[in-house]
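The values are calculated or read from the model by the stated rules, or taken from the named source; none is laboratory data. Computed from a predicted structure; not experimentally measured. Cβ: placed from backbone, ideal geometry, glycine included. Neighbour counts: every protein chain shown. Just so you know, the surface numbers come from the protein's heavy atoms only, side chains and all, with ligands and any DNA or RNA stripped out. Shrake-Rupley method; radii C 1.70, N 1.55, O 1.52, S 1.80 Å.
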Amino acid sequence: MAEKSNATSKWNATDLPALTGRTAVVTGANSGLGLRTADALARAGAHVVFAVRDVERGRAAAATVNGSTEVRRLDLADLSSVREFADAWEGPLSLLINNAGVMMIPQRRTRDGFEMQFGTNHLGHFALTNLLLPYVTDRVVTVASAAHRWGGGATIDFADLNLDADYTPRGAYARSKLANLLFTLELQRRLTESGSPVRALAAHPGYAATNLQSHSGNPAVRAFMQVGNRLFAQDDRAGALPTLYAATQDLPGASYVGPDGTGEMRGAPTLVGRTAAASDTAVARRLWTVSEELTGAVFPSAAVESAAGESAGRG
């Protein structure tokens, strides 16, 4: 685990730098951590695009935000929707915040036939990132989770990516969050290799009270989480701080940010550690290759290298 610095122990959203003139995309910005992230970025001056499945809910959420916003439809469980969103994009994109996700739901499939949690939390964001990467000028932040540690640590079973043989809502969620960390690791390697100044980072909110936990198909799990939200969780504004910290502070690529409290459940944002499986570069490369094959979205080497050259020329 990275050493925790006292300098970050009290960092909060009021410490955000001015973001005037910058554009940010936040997936799942209509509620919870996504809305709090979008609100803070907009208040700091960024133009924030709410990338949401339900446009009407997105508009209602954006109306509560004090700043420059717009709403665009994006369904991460449908690769055609991801491509439509990316195809319509024009102009520089400072920040891509891969925030949306589903958690511990009954076994379901995406429109393209992938296990829903892996397909939404990882493959949807994988495709979106690669398709938008030619426009990204600063960084990509992907919201992972301490859940990648559950059960001694999740693993990727490449022989059963849809978990047909052994599906559990909890295990599928943990695996999808491990995939988020491996994705960040390999994305940063590719960015560095191409000479790009763009950075890839990951963050997790700790135990934050949001509506994400209410989607479990198990009534007992929902009841347990409702009690936990009331008694132990920090609110969604605090839960968004690690994402905001990763999006705006001068951190190394592939950094992982989470709360500094006991068990990383709550507290101020700081650098945190991850499992050995989440640091496995060979698995990260294999997952990337498989994800390209499944989504048809590939790392845009030429575009990224061209942007890196232009940036160096301006410097």
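Worth pointing out:
- Calculated accessible area for the range 85-186 comes out at 33 Å² per residue, all protein chains present (probe 1.4 Å; ligands, DNA, RNA ignored).
- Per-residue ³J(HN,Hα) for the range 104-114, Karplus 6.51 cos²θ - 1.76 cosθ + 1.60, θ = phi - 60°, Hz, x for Gly and Pro: 6, 8, x, 4, 8, 10, 6, 4, 8, x, 8
- Residue-wise HN-Hα coupling along the range 183-200, computed from phi with Karplus coefficients 6.51, -1.76, 1.60 (Hz; x: Gly, Pro): 4, 4, 4, 6, 4, 5, 4, 5, 5, 4, 4, 7, x, 6, x, 5, 10, 10
- Inter-site label distance for Asn66 and Glu84 at 7 Å from Cα along Cβ, in nm: 3.5 nm
- Summarising the amide proton neighbourhood of Ser94: residues at separation of 5 or more, or on other chains, whose placed amide H is nearer than 5 Å comprise Thr23, Thr137.
- 5 angstrom amide H check on Val257, placed H, neighbours 5+ away: Ala202, Ala203, His204, Val272
- Dipole-positive endmost among Leu244, Gly296, Leu76 within the chain (Cβ charges, Cα centre): Leu244
- Interchain or long-range residues, amide H under 5 Å from Leu19's placed H: Gly45, Ala46
- Pairs of Cα atoms nearer than 8 Å and 6+ residues apart set the relative contact order; for the chain it is 20 percent.
- Here the Karplus relation 6.51 cos²θ - 1.76 cosθ + 1.60, evaluated at θ = phi - 60°, turns the backbone of the range 276-288 into coupling constants of 4, 5, 7, 10, 7, 5, 5, 5, 4, 5, 5, 4, 4 Hz, with x for every Gly and Pro.
- Length gained when the stretch Asp15-Val290 is fully extended (0.36 nm per residue, less Cα-Cα span): 95.1 nm
- Computed over every Cα-Cα pair of the range 13-136 and binned at 10 Å starting from 0, the pair-distance distribution P(r) comes out as 14, 45, 32, 8, 0 percent.
- Rounded percent of accessible protein surface that carbon and sulfur make up, the chain, 1.4 Å probe: 49 percent
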